[in-house]
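Comments concern the structure below.
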């Protein structure tokens, strides 16, 4: 059974996706969401802004802190 790659509270760097209007930057994982279409999703919150968003696991890359 597949498992989430990222944990709640982990800091990640989001790769920008201009085709979906997603700015890149540093975010914190706030919730792990179920697998959908073979890929996990996450709720993340920007470190520098007040907004949150839902992204796919492939939209992010690890950030070493």
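Let me know the whole percent of all Cα-Cα pairs from the chain that are separated by more than 20 Å.
Counting every Cα pair in the chain, those more than 20 Å apart make up 20 percent.
Express in nm, to one decimal, how much length is gained between residue 46 and residue 17 on full extension, taking 0.36 nm for each residue of separation and deducting their alpha carbon distance.
Full extension from residue 46 to residue 17 adds 8.9 nm.
Read-outs: derived from the displayed coordinates by stated rules, not from any lab. Computed from a predicted model, the values in this text were never measured in an experiment.
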